[in-house]
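Just below is one structure, and these are the notes that go with it.
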Amino acid sequence: MRVPPLTTCEKEVILEALKSGKRFDFRGLEEFRGVKLVVGSEIGTAICTIGNTKVIAAVSAQIAEPSSMRPHKGVIIIDVDLSPMANVSNEHDRLGSKGMELIRLLELIIRDSRCIDVESLCIRAGKEIWKVRVDVRILDEDGSLLDCACLAAITALQHFKRPNVTLEPHHTLIYSEYEKAPVPLNIYHMPICTTIGLLDKGQMVVIDPTEKEAACLDGSIVVACNKRREVCALHQSTNLVLSTKQIERCVKLAMSRAEALTAVVSDVIKQDQRERSAFKRPDGFSITTPSLILTSGTAAARQINAPRIQHGREPEEKMLYQPSVIVNENPLSVGSVKQEEVDEDALIAEQLSIIQNSVGGVAVSDPQSSGVSKRKKEKEMVDDLLDGICDSEEEEVKTEILGSSEPMEVVLPVVEQQKDEEDVTSWRKKKKKV
Amino acid sequence: MAVYLPGDVINEPSSSDSSIIGYGINLRGEKKVVTQPGAFRSDEGKIWLSVHSKRYIPQEGDRVIAIVTSKTGDFFRLDIGTAEYAMISFTNFEGATKRNRPNLKTGDIIYATVFDTTPRTEAELTCVDDEKRARGMGQLNGGYMFKVSLNHCRRLINPSCEILQTMGKFFKFEITVGMNGRIWVNAPTTEEIIKIHDVINKSEFITGEDELISLVQHSYTRSVSG
Amino acid sequence: MSIISEHGFRMDGRRPAQIRNINTRLGLNRNAEGSCYLEHGNTKVLCAVYGPYESKASKRLEDRCAIVCQYSTTTFSGLERKNRPRGDRKSTEISRLLEKAFESVILTESFPRSQIDIFCEVIQGDGSNLAACVNATSLALADAGIPMKGIASAATCGIVETKPIVDLTSREETDLLPRVTLATICGRDEVILVELQNRLHIDHLSVVMDAAKATCADVYECLAVVAQQHLKACAPILGN
């Protein structure tokens, strides 16, 4: 949708106010907006609110095959949904440059800075690993989008617990949360993002700009730091001309903010853990809505007379079985050759019968020998099949045609008569083997 | 004060002799059926609903604040917050002739009247009345513009509303209210503009007079730099 | 093998504060308004600049020139064959960074409603790819005669045990080494591009920044010499 353009008068007033240190929401130039962080009743979900910006993040995990280049490392996937709900200028179902920048930055902060121990996400090297997926959805946009999204994602990752697994020789057992407690992710550090706006060729610094302010500023820089006083990412959102001293100053501001917010995140997670271990049902996201809003929860409950239900026994088996990987099976040699051989032989037999019928009376082959030759073909087929298995199981397999009373010598002349067909079929077989 | 929802039929005794059916009410046969949720209002034979909305639909005769987006040919292309752009011809300004063109750039704002809303064409505005006089319309210089909901705008310019008068006791300012939800404010200092903006935004949901006075006082004494 | 040996040499025999050899050639592409081929040691980059020309309606800006940049790496530029030369996330990010950097350098107000296209192709990538692209683009823009605030120069610097190393090669760009790519105008303290990879402790930040700034100034000296030589070669045509 079209966004109304920024008027000259708005821009002038905002710039003039910023230059004299005033802001429209009565904040100081170096003052952050209040951060509200809530974790949901389902593990691995969190909502972060900074002023009017609202972002929700949800984490889920599933078992997948690792890439061949990193067979013992888990995979973390980040997905961002930027819809017109957040800002009318966003396109529906398509990530514009802003969305791509957001995904790239979240990947940089969460994946490339190695804040999560991916090697602990490995179940079986080269075969099974945990694929952790972080879904970030922007609900409302009013500046400092990266800060909010990063905070929500980090909190959700801290809150998330993956199912517990045990390795059995041929398969993996995944336990539900009722059998074995789920395991939290191994997180080394928490990178916290700060958006710093720049004005007047970098002389002035505006912290946590709202969207209107950001449109009037010269540029902005995003710094991600963690509690260990390390800089995890340094990213310029827009074009800017700065001096290195100013960059260092921005980094220092971001550092103090990171320490404060890390404490907030830890507090929220600890409180939620306390509530859960006391078997208290967590409030979840309902505490984000103010109680003044009329909700159905305040109306008087109506009694519903439901018919009596027979409670059946709860299903005991809650274990999920992974399909086991059978060793020593080469699906290629068993499946395809057999199928093709059968088809080819059937086709040839069909053609043979057509030729016989059309020629009419010329006894190319008598039914007995054709039966025998068919049997011989079958024997050869079975030999081929067993060849494949022979190699691995190292057993001597001998095939014998059962029920044939004729000794091999009698069979041979018959075979010679049909040498042509046999040769054709064996030639075809050889061709297939090659 | 009754609140009606879409689909309700109005049976107010004061509405029985009304000759003008206004906003939010449709006539279906003999019945007056409500189409938009709102509070019922009546006045001297007119009945209408006061509806909360943010999106402006152009109506002839409305005075709106428009943003200039581009200059094409003999027209300015304007944004009035509707689905389509609106336009104003160069000649519809006071003192404009073929030689003397108005000096407007992209990003400037003007106060104009909607005078042509033919469907399937862009709305056309004018900055002069029938006698080619401006009457307060034209370019708005300096100041600050912001958006509120449409019903709040209508409430502000209602003569019986106390908000602007109460503010006038504390602040010295100049204000223009557009029917498309846009308000332009000018004050001597930036600090005052910020406070006035804050008061107008917060006063949307304040009804009592005491509350209003305390809000304005609080804003007046509050420091803007935090 | 550690990045700096005990005698203080790096894997290719350089000292920590030494940059690689820079070879350049301007004006290669006949169709483009400006073009440049640049080598930083083994990193080979080709850049072409088109414009300013009338922009497409979607990219048109009323008051300034739009800058569109495309960064692509050839399939044979890295250690392994790359299937997609461009369009993957990393290339789009680097393209965006280049756009943002050059929007600050080029005097875009001189050409409203137009567009300048910048195409960078990494033919052989041996570390400091982004920095090489910035340098090549600056020279290509100078070759095209587009008005700028100054010639931008860039360098990538890392830090190993409190010792900064400049102009990294691909073998030194490991997963654990924090590195900063910095671009400045005319070697002065005006930064137009800053990008950090991997975690860097705050105490090391100023060390790395200073080293990067000094390297950018050194690279700028080289680029300035190249540009002057190219101009002198053209002088007879320009009517001395």
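Coordinate-derived values only; no laboratory data. Since the model is a prediction, treat every value here as computed from it, not as a measurement. Backbone-built Cβ (ideal geometry, glycine too); neighbour counts: all protein chains shown.
What the table shows:
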{"quantity": "Enclosed volume per residue, in Å³, of the convex hull spanned by Cα atoms of segment C:22-238", "calculated": "128 Å³"}
{"quantity": "Residue-averaged beta-carbon neighbours from other chains (10 angstrom radius) around A:17-27", "calculated": "5"}
{"quantity": "Karplus (6.51, -1.76, 1.60) ³J(HN,Hα), θ = phi - 60°, over segment B:200-209, in Hz, Gly and Pro reported as x", "calculated": "4, 5, 6, 6, 4, 10, 9, 10, x, 6"}
{"quantity": "Amide N proximity, segment A:97-117 versus C:Leu79 label position 7 Å along Cα-to-Cβ, cut-off under 19 Å", "calculated": "A:112"}
{"quantity": "Fully extended contour minus Cα-Cα distance, from A:Glu30 to A:Ser89, at 0.36 nm per residue", "calculated": "18.4 nm"}
{"quantity": "For chain C, calculated [θ]222 nm from helices alone, where every DSSP H run of n ≥ 4 adds -39500 (n - 2.57)", "calculated": "-10500 deg cm²/dmol"}
{"quantity": "Lysines with Cα under 25 Å of A:Lys379, excluding same-chain neighbours fewer than 8 positions away", "calculated": "A:Lys338, A:Lys398, A:Lys419, A:Lys429, A:Lys430, A:Lys431, A:Lys432, A:Lys433"}
{"quantity": "Table column - 3J(HN,Hα) (Hz), segment C:116-121, Karplus curve with 6.51, -1.76, 1.60, x for Gly and Pro", "calculated": "10, 9, 10, 10, 10, 10"}
{"quantity": "Cα-based convex hull, segment A:8-289, per residue volume (Å³, whole number)", "calculated": "144 Å³"}
{"quantity": "Along each principal axis, Cα extent of segment B:80-206, largest first, Å", "calculated": "46, 32, 27"}
{"quantity": "Rg and Dmax of segment B:144-221, Cα atoms only, in Å", "calculated": "11.4, 31"}
{"quantity": "Residues whose placed amide H lies under 5 Å from that of A:Glu128, excluding near-sequence neighbours", "calculated": "A:Ile123"}
{"quantity": "Filter on A:Lys201/B:Lys195; A:Lys11/A:Lys54; A:Lys22/B:Lys54; A:Lys245/B:Lys172 - keep pairs with C-alpha separation over 31 Å", "calculated": "A:Lys245/B:Lys172"}
{"quantity": "Net lengthening on full extension, B:Lys54/B:Asp129 (0.36 nm per residue, minus Cα-Cα)", "calculated": "24.3 nm"}
{"quantity": "Over 32 Å (Cα to Cα) - which of A:Lys36/B:Lys147; A:Lys227/C:Lys82; A:Lys212/B:Lys105 fall in this group", "calculated": "A:Lys227/C:Lys82"}
{"quantity": "For segment A:102-173, the spread of Cα positions along each principal axis, largest first, Å", "calculated": "53, 21, 15"}
{"quantity": "Long-range amide H partners of A:Ala86 with built H, under 5 Å", "calculated": "none"}
{"quantity": "Mean projected area (nm²) of the alpha-carbon convex hull when segment B:63-140 is viewed from all directions", "calculated": "5.0 nm²"}
{"quantity": "Zero-based 5 Å bins, Cα pair distances in chain B, whole percents", "calculated": "1, 6, 12, 14, 15, 14, 14, 11, 8, 4, 1, 0"}
{"quantity": "Under the Debye formula (equal points on every Cα, no solvent term), log10 I(q)/I(0) of segment C:32-141 at q = 0.18 Å⁻¹", "calculated": "-0.85"}
{"quantity": "Residues with amide H under 5 Å from that of B:Arg77, placed H, sequence gap 5 or more", "calculated": "B:Thr69, B:Ser70, B:Lys71, B:Thr72"}
{"quantity": "Karplus (6.51, -1.76, 1.60) ³J(HN,Hα), θ = phi - 60°, over segment A:41-57, in Hz, Gly and Pro reported as x", "calculated": "6, 8, 5, x, 10, 7, 10, 10, 10, 10, x, 8, 7, 10, 9, 10, 10"}
{"quantity": "Cα gyration tensor, segment B:3-51 - rounded (a/c under 1.5), prolate or oblate", "calculated": "oblate"}
{"quantity": "Mean residue ellipticity (222 nm) of chain B, computed from DSSP H runs ≥ 4 via -39,500 (n - 2.57), nearest 500", "calculated": "-5500 deg cm²/dmol"}
{"quantity": "For segment C:111-200, Kirkwood radius (reciprocal of mean inverse C-alpha pair distance, Å)", "calculated": "14.4 Å"}
{"quantity": "Pairwise centroid distance, computed over Cα atoms, of segment B:65-142 with segment B:190-226, Å", "calculated": "33 Å"}
{"quantity": "Chain C: relative contact order as a whole-number percent, Cα under 8 Å and 6+ apart", "calculated": "20 percent"}
